[in-house]
Amino acid sequence: MLLATFRVGSGLHLATVAVCLVLVGLFLVLARNASPERRRRLRAMIGWGCLLVWIMNTLYWAMPGRFSWATSLPIHVCNLANLIGAVAVLRHQRIFQGLLYFWAFSLCIWAFITPTVGLGPARPGFWVFWIYHLFIGLAVAQVLVVDRFRPSGRDLLNAILCTLFYVAVVATLDRVFGWNYGFLGASVPTVPTPVDLLGPYPLRLLWMCLIGAVAFVILWLPWRLAVSKG
């Protein structure tokens, strides 16, 4: 019988993350050994898939009985990462490739480590949550491994500026309406997340920005060092 609830750190959590990693790995094996035509089809599948799962997630939470202004708008980082991934994969626009890379490995990764979904596989919300996060992983794999995107200092700066703009806009909305999109509001998630360790609101917003910027720099440094050694 399928479980109706989901708990962070449970066997179900570990198994779900493992399945996502296997699927991303299988995609990379297929893409790296595919003919140019098949690679084109795989790219289209990932790019349009990002867009479709964004639509799926948005419509699911917009349905009567589920919709809430405080939780259902598609303005969380991971929601936007699907749209960014679609443009990065389909259009090869560098600013979106860079933003996807930095967001995926510093922000969206927490959806896999400390997911906020409380629904198990017996509920549609479980599948919606994990499928749209899976496509973020597939998109960044396409950009980083197949397209061989390598972040530059300009990409780092663009990502920091875009993220600060996102924080300014969403934190303002959260403050005005009492929401918590992007975990930038006064409340904290109902499941344990790193936000719990950053102290009281609004000071924790400063720590979030500083830690995020440091994480971006750490993600950029290996590529910078590789260029220097080359």
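May I ask you to verify whether S106 is without any contact (Cβ under 8 Å) to a residue 60 or more places away in the chain and of a type outside the set (A, V, I, L, M, F, W, C)?
Against the criterion (without any contact (Cβ under 8 Å) to a residue 60 or more places away in the chain and of a type outside the set (A, V, I, L, M, F, W, C)), S106 does not qualify.
Tell me which of these W110 doesn't satisfy, since it passes every other one: (1) of a type outside the set (D, E); (2) under 14 Å from the mean Cα position of the chain (by Cα); (3) over 18 Å from I211 (Cα atoms).
Only one criterion in (1) of a type outside the set (D, E); (2) under 14 Å from the mean Cα position of the chain (by Cα); (3) over 18 Å from I211 (Cα atoms) is unmet by W110, namely (3).
Grab the helices (runs of 4 or more DSSP H) fully contained in region 1-99, keeping just those with 3 or more residues being of a type outside the set (F, W, Y) and surrounded by fewer than 13 Cβ atoms within 10 Å (Cβ to Cβ). Can you show your working first?
On the way: elements: 11-32, 36-62, 77-91.
Output list reads 11-32, 36-62.
When both residues are 6+ apart or on different chains and their Cβ atoms are under 8 Å apart, which pairs have a first residue that lies in region 192-218 and is over 14 Å from W110 (Cα atoms), and a second that is among the aromatic types (F, W, Y) and open to solvent by 40 Å² or more (accessible area, probe 1.4 Å)?
Note: pairs meeting the criteria are L198/W207; G199/W207.
The values are calculated or read from the model by the stated rules, or taken from the named source; none is laboratory data. Treat the numbers as computed from the prediction; the structure is a model and nothing was measured. Reconstructed Cβ throughout: ideal geometry from the backbone, glycine too, with neighbour counts over all protein chains shown. Heads up: the accessible areas ignore ligands, DNA and RNA and are worked out on the full protein's heavy atoms, side chains in. Shrake-Rupley method; radii C 1.70, N 1.55, O 1.52, S 1.80 Å.
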